[in-house]
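This report concerns only the one structure given below.
The values are calculated or read from the model by the stated rules, or taken from the named source; none is laboratory data. Bear in mind the structure is a predicted one, so any value in this text is a computation, not a measurement. Every residue, glycine among them, receives a Cβ derived from its backbone with ideal geometry; neighbour counts consider all protein chains shown.
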Amino acid sequence: GVACGAQIAALLKIRQGDSSLRSRFYRLPFRMKAKQDMTEQKNAAMGFLIIEEAPQTVAKSQLPPWNILVVDDDEQVQAVTKMVLRHVQFRDRPFKLISARSGKEARDILRDTPEGFALALVDVVMETKTAGLDLVRHIRDDLKDRSIRLIMRTGQPGHAPEQNVVIDYEIDAYMAKTDISAQKLVTAIIASLRAYEYISEIKTLNAELEARVAMRTAELEKLAMLDALTGAGNRRHLEQRAEAEISACQRAQQIAERIRSAIAAQNIAANGNIIHITASFGLAALGPDLSLENALARADNALYRAKKGGRNQIALDDIS
């Protein structure tokens, strides 16, 4: 108890800026998980995380911070991680650490953070023996996030052997908490952020390339519709316009036919008699070169032709 108190006092001096204690190694005790069904580990309830004071960068950056998600149910590990990274920057950008104490809480944070995370430090054993590994599956398979970098940390490597985890899960590093120093942690984080930066650049370049291809394709399609000499619409352009106009006329004719049929099917009773009502329709296309008055006049002419043809019918404007 006295030794532990001395170590915590030394840690507090470091956090308060005691320069006489910097650049030294300290062992910070943390509790290893002891599950009810893990009786063989009950006597190994304490382990040691080696912490080396990380280099400080005091200058303030105007750039947005790197979002880093720290998923661990051990409060001491959370506190030490924040202490080690509090002054570290990469590309003149500080680190913004967001804590989660369980895999479930981490899922909620990922869902509620639209800007996303560049990196996640994930404990393997939390509310379940595979909570951290299940979170990795969720990120990669359910969220389809291939950009975020993932570093696994565990105080119980026997539950998830390193070789199996590295092969079966898409992660960037697997670290035992008993072997982590501040320098190792910072090195792994910087390497992961650099990889994230490269992946983000590639995604941006791909998006720009796709936009350029789409723009160029639209230009080529436009050129394919115009005469190279005059700039007027060519045969292909006229054929497509004709198909569009025919389709529009067919839709208008179908609508008019439904209305005509509905009216003709109605029987109206008046003074003991049944009255049958019919309707005729005249249709004319309204194009960019045709005024509304002209189109109405042509539709009216078509309507008269429908009446002369026997009523209860639809007549189309005779363009010729």
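With (1) surrounded by fewer than 18 Cβ atoms within 10 Å (Cβ to Cβ); (2) in contact with a Gly (Cβ under 9 Å, 6 or more places away or on another chain); (3) in contact (Cβ under 8 Å) with a residue 60 or more places away in the chain as the list, and Lys129 as the residue in question, which single condition is left unmet?
Only one criterion is unmet by Lys129, namely (2).
Given the criteria at pLDDT 95 or above and charged (D, E, K, R), does Lys96 qualify?
Considered against the rule, which asks whether it is at pLDDT 95 or above and charged (D, E, K, R), Lys96 comes out as yes.
For Ala242, all conditions in the list (1) modelled with pLDDT of 80 or more; (2) farther than 21 Å from Lys307 by Cα hold save one; what is the number of the exception?
(1)
A quick yes/no check of all residues on (1) in contact with a helix residue (DSSP H, G or I) (Cβ under 9 Å, 6 or more places away or on another chain); (2) within 30 Å of Arg241 (Cα to Cα):
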| position | (1), (2) |
| --- | --- |
| Gln254 | no, yes |
| Glu257 | no, yes |
| Asn267 | no, no |
| Ser280 | yes, yes |
| Arg298 | no, yes |
| Gly310 | no, no |
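Would you be able to say whether some residue in the stretch 244-266 is loosely packed, with under 10 Cβ neighbours inside 10 Å and not in a helix (DSSP H, G or I)?
The answer is yes; a qualifying residue exists.
Return the residues of the stretch 176-221 that are in contact (Cβ under 8 Å) with a residue 40 or more places away in the chain, assigned to a helix (DSSP H, G or I) and among the hydrophobic types (A, V, I, L, M, F, W, C); say none if nothing qualifies.
Of everything in the stretch 176-221, those that are in contact (Cβ under 8 Å) with a residue 40 or more places away in the chain, assigned to a helix (DSSP H, G or I) and among the hydrophobic types (A, V, I, L, M, F, W, C) turn out to be Ala182, Leu185, Val186, Ile189, Ile190, Leu193, Ala195, Ile199.
Only residues that are surrounded by 15 or more Cβ atoms within 10 Å (Cβ to Cβ), of a type in the set (A, V, I, L, M) and farther than 15 Å from Tyr196 by Cα: list them for the stretch 140-153, please.
Met152
Tell me which residues, restricted to the stretch 290-320, are free of Cβ contacts under 8 Å to residues at least 60 places away in the same chain, at negative phi and not in a helix (DSSP H, G or I).
Hits for the stretch 290-320 are Leu290, Ser291, Gly309, Gln313, Ala315, Asp317, Asp318, Ile319, Ser320.
Please go through the stretch 199-235 and pick out each residue that is polar (S, T, N, Q) and within 28 Å of Leu119 (Cα to Cα).
Hits for the stretch 199-235 are Ser200, Thr204, Asn206.
Can you give me the number of residues within the stretch 158-175 that are in a helix (DSSP H, G or I), in contact (Cβ under 8 Å) with a residue 12 or more places away in the chain and hydrophobic (A, V, I, L, M, F, W, C)? Full working, then the answer.
Narrowing the stretch 158-175 to residues in a helix (DSSP H, G or I): 162-168.
Next, from what is left, pick out any that are in contact (Cβ under 8 Å) with a residue 12 or more places away in the chain: 162, 165.
From the residues that got through so far, the ones that are hydrophobic (A, V, I, L, M, F, W, C) too are 165.
Going through the stretch 158-175 one residue at a time, the tally reaches 1.
Quick check on this structure: which one of Val58, Val71 is aliphatic (A, V, I, L, M), modelled with pLDDT under 95 and under 24 Å from Glu197 (Cα atoms)?
Val58 is the lone residue from the list that is aliphatic (A, V, I, L, M), modelled with pLDDT under 95 and under 24 Å from Glu197 (Cα atoms).
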